[in-house]
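Here's the structure, in structure tokens; my notes come after.
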Amino acid sequence: MPDSQPWPHDDHAADAADASGGPDTAETGTLVLRGARLIDGRVVDVRLGGGRIEAVGTAGSLAASGARVDLRGHLLLPAPAEPHAHSDTALTADGPGPGLPGPVSHRPQDVQRRATEAALLQLGHGATALRAHVRIGSVQGLASLEAVLRAGDSLRGLVELTPVAVPRLLTGVAGADNLAMLRDAVKTGGCAVGGCPDLDPDPAGYAEAVLEIAAEQGCPVDLHTDGDDPARLGRLAALAGGLRSGVSVGPCAGLARLPVPAATRAADQLAAAGVTVICLPQGGCCGVEGRGIAPVGLLRAAGVRIAAGSGALRDVANPVGRGDPLEAAYLLASQNDMRPDEAYRAVSSAARKAMGLPEVRVEAGFPAELLAVRGDQLPGVLSLAYSRIVVHRGRVVARTSAVREYCDSETVVALGLPRQGRPDSGPCGGP
């Protein structure tokens, strides 16, 4: 159903009550999603319980004594995930606040507030899990990381927010303290180790130090790099090949600026090492790399696993960043020669795999991490994804509804489109 149509009336009072009270449904209770359309065209009922999908059956076949949500007119998808957020700097494009020019506050309470608000914005878009690259070191030490961890704790049950520790320097005398701090960050609760080798005087040494700590601690690596040095990428791939916990790099927009033979060799090395490239179709972040996107087609041709993230969310690197995974998928499909289903997998199953999360399918036994979007087919959903219902751990945790109305005219009446209008409205819905 296109977004220009009104929300379908639900004749079942219980469904209407459950639709308004969905976020209060207990994770351990049962919830039935009724009449949802899947990508393969089937219209089904889906029963959720205990945070997982219990059953999928034809529409009307699953009895439910508890909560129900009517998803007629919606496409039901595995929920996307956000593998490359910057929660500590999100929402800082306008300074510390309206009418308050000056440097951004890094006080822990302000970082926690921004991280919480940003995570909820991205949850509303559909991302039920987020990985945030958080700076450590300098005068802040681990304060920003701890603030993001507190934000994650406060959001438990709504969305999973986990940080990646990102030190600025790791080599030489200046980096010695940060090496110790990076180890402490893992013990504090960082889900991965990362950083930006491009900012270190010895980028190769920086990457080696991160991989060494990851091997010690048994945690994954997620490095932020422009990827414009093929020799450096080759060295990273050689070191990453034996790391069981997984290695991701991104945004790697610099690969697109290399001569094709050099970029192809680097892509082959990354593929052989099993390194995932997390591209950012919506633009760069942190201001350390040029604009653009990794050469997705070249990387895919080499067999590199591709995931996609959103990057900056209204910070100085991208003041209009939306943090919307469906926009990232739309850009991959519209500008990078990917089919809509391939583009959506980049922000859902591939992103979850890069983050070490379990796979999600709309099948019995899989985690109940789902996104329902008003529409019938995936291309239309990526084009006009306005109305969304988000399910995390088996319950509705966010809902966005958009209704478009038109000024009264013969054309609008003939097409049966929803019209603006109150009995006292003027010719275009106004007084």
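Determine whether segment 279-289 contains at least one residue that is open to solvent by 30 Å² or more (accessible area, probe 1.4 Å), among the small types (Gly, Ala, Ser) and at pLDDT 90 or above.
no
Residue check, Ala240 against (1) under 16 Å from Pro197 (Cβ atoms); (2) open to solvent by 50 Å² or more (accessible area, probe 1.4 Å); (3) not basic (Lys, Arg), all met but one. Which one?
(2)
Go over the candidates Gly227, Gly218 one by one and state the one that is open to solvent by 10 Å² or more (accessible area, probe 1.4 Å), within 27 Å of the chain's Cα centre (by Cα) and on the phi > 0 side of the Ramachandran plot. Walk me through it before giving the result.
Working: Gly227 fails: open to solvent by 10 Å² or more (accessible area, probe 1.4 Å).
Only one candidate passes the filter, namely Gly218.
May I ask you to list the residues in segment 168-187 that are within 18 Å of Arg232 (Cβ to Cβ) and open to solvent by less than 10 Å² (accessible area, probe 1.4 Å)?
To start, the set of residues in segment 168-187 that are within 18 Å of Arg232 (Cβ to Cβ) comprises 168-172, 175.
Of everything in segment 168-187, those that are within 18 Å of Arg232 (Cβ to Cβ) and open to solvent by less than 10 Å² (accessible area, probe 1.4 Å) turn out to be Leu170, Gly175.
What residue, among those in segment 251-267 that are in contact with a Gly (Cβ under 7 Å, 6 or more places away or on another chain) and small (Gly, Ala, Ser), is surrounded by the fewest Cβ atoms within 10 Å (Cβ to Cβ)? Quick ask: steps written out before the conclusion?
Our first condition is that a residue be in contact with a Gly (Cβ under 7 Å, 6 or more places away or on another chain); within segment 251-267, this holds for 251-256, 266.
Those left that are additionally small (Gly, Ala, Ser): 253-254, 256, 266.
Values: Ala253: 22, Gly254: 21, Ala256: 19, Ala266: 27.
Per the stated criteria, the residue is Ala256.
Scanning segment 323-345 for residues that are over 15 Å from Leu384 (Cα atoms) and touching a residue at least 60 places away in the same chain (Cβ under 8 Å), which turns out farthest from the chain's Cα centre (by Cα)?
Across segment 323-345, the extreme among qualifying residues is Asp341.
Counting only residues that are farther than 30 Å from Val139 by Cα and at pLDDT 75 or above, give me the strands (runs of 3 or more DSSP E) lying completely in segment 1-110 with at least 1 of them. Before the answer, list the steps.
Numbers: elements: 30-37, 43-49, 52-58, 67-70, 74-78, 82-85.
In segment 1-110, the matching strands (runs of 3 or more DSSP E) lie at 30-37, 43-49, 52-58, 67-70, 74-78.
One residue is enough: does segment 280-295 have a residue meeting the conditions outside any loop (DSSP other than H, G, I, E, B) and among the aliphatic types (A, V, I, L, M)?
Start the filter on segment 280-295 by keeping residues that are outside any loop (DSSP other than H, G, I, E, B), which leaves none.
No: segment 280-295 contains no residue that is outside any loop (DSSP other than H, G, I, E, B) and among the aliphatic types (A, V, I, L, M).
Any idea which of (1) surrounded by fewer than 22 Cβ atoms within 10 Å (Cβ to Cβ); (2) touching a residue at least 60 places away in the same chain (Cβ under 8 Å); (3) on the phi < 0 side of the Ramachandran plot; (4) not acidic (Asp, Glu) is the one Ala354 doesn't satisfy?
So the condition that Ala354 fails would be (1).
Considering only residues that are open to solvent by 20 Å² or more (accessible area, probe 1.4 Å) and within 10 Å of Ala185 (Cβ to Cβ), which ones fall in segment 123-144?
Once the filter is applied, which keeps residues that are open to solvent by 20 Å² or more (accessible area, probe 1.4 Å) and within 10 Å of Ala185 (Cβ to Cβ), segment 123-144 yields only Leu142.
On the basis of being over 17 Å from Ala127 (Cα atoms), at pLDDT 95 or above, open to solvent by less than 70 Å² (accessible area, probe 1.4 Å) and not hydroxyl-bearing (Ser, Thr, Tyr), does Gly365 make the cut?
yes
Could you tell me which residue of segment 312-340 is modelled with the highest pLDDT, considering only residues that are open to solvent by 50 Å² or more (accessible area, probe 1.4 Å) and charged (D, E, K, R)?
At the first step, the residues of segment 312-340 found to be open to solvent by 50 Å² or more (accessible area, probe 1.4 Å) are 314, 316, 319-320, 322, 330, 334-335, 337, 339.
Within this subset, residues satisfying the condition of being charged (D, E, K, R) are 314, 322, 337, 339.
Values: Arg314: 89, Arg322: 90, Asp337: 81, Arg339: 95.
By that ranking, first place goes to Arg339.
Which one of these does Glu117 not meet: (1) without any contact (Cβ under 8 Å) to a residue 60 or more places away in the chain; (2) open to solvent by 20 Å² or more (accessible area, probe 1.4 Å); (3) in a strand (DSSP E or B); (4) not small (Gly, Ala, Ser)?
Among (1) without any contact (Cβ under 8 Å) to a residue 60 or more places away in the chain; (2) open to solvent by 20 Å² or more (accessible area, probe 1.4 Å); (3) in a strand (DSSP E or B); (4) not small (Gly, Ala, Ser), Glu117 violates only (3).
Within segment 172-262, considering only strands (runs of 3 or more DSSP E) that don't extend past its boundaries, which have at least 2 residues that are out of contact with any Phe, Trp or Tyr (no Cβ under 8 Å at 6 or more places or on another chain), touching a residue at least 12 places away in the same chain (Cβ under 8 Å) and not small (Gly, Ala, Ser)?
Numbers: elements: 192-195, 221-225, 247-251.
Ranges flagged: 221-225, 247-251.
If you take the residues of segment 394-419 that are in a strand (DSSP E or B) and within 30 Å of Ala67 (Cα to Cα), which of them is least open to solvent (accessible area, probe 1.4 Å)? Before you say what the answer is, go through the steps one by one.
Our first condition is that a residue be in a strand (DSSP E or B); within segment 394-419, this holds for 395-400, 406, 419.
Filter once more, so that each one left must be within 30 Å of Ala67 (Cα to Cα): 395-400.
Numbers: Arg395: 53, Val396: 2, Val397: 18, Ala398: 18, Arg399: 89, Thr400: 57 Å².
Ranking the qualifying residues of segment 394-419, first place goes to Val396.
Looking only at segment 370-386, decide whether some residue is touching a residue at least 60 places away in the same chain (Cβ under 8 Å), more than 19 Å from Tyr330 (Cβ to Cβ) and outside any loop (DSSP other than H, G, I, E, B).
Yes: segment 370-386 contains one or more residues that are touching a residue at least 60 places away in the same chain (Cβ under 8 Å), more than 19 Å from Tyr330 (Cβ to Cβ) and outside any loop (DSSP other than H, G, I, E, B).
Quick check: is even one residue across segment 188-210 more than 19 Å from Gly356 (Cα to Cα), of a type in the set (D, E, K, R), open to solvent by less than 20 Å² (accessible area, probe 1.4 Å) and modelled with pLDDT under 95?
Yes, segment 188-210 contains a residue that is more than 19 Å from Gly356 (Cα to Cα), of a type in the set (D, E, K, R), open to solvent by less than 20 Å² (accessible area, probe 1.4 Å) and modelled with pLDDT under 95.
The values are calculated or read from the model by the stated rules, or taken from the named source; none is laboratory data. Everything numeric in this text was worked out from a predicted model, so none of it was measured. In this analysis, Cβ positions are derived from the backbone assuming ideal geometry, glycine residues included, and neighbour counts consider all displayed protein chains. To get the accessible areas, we keep the full protein, side chains included, count just its heavy atoms, and leave off ligands, DNA and RNA. Shrake-Rupley method; radii C 1.70, N 1.55, O 1.52, S 1.80 Å.
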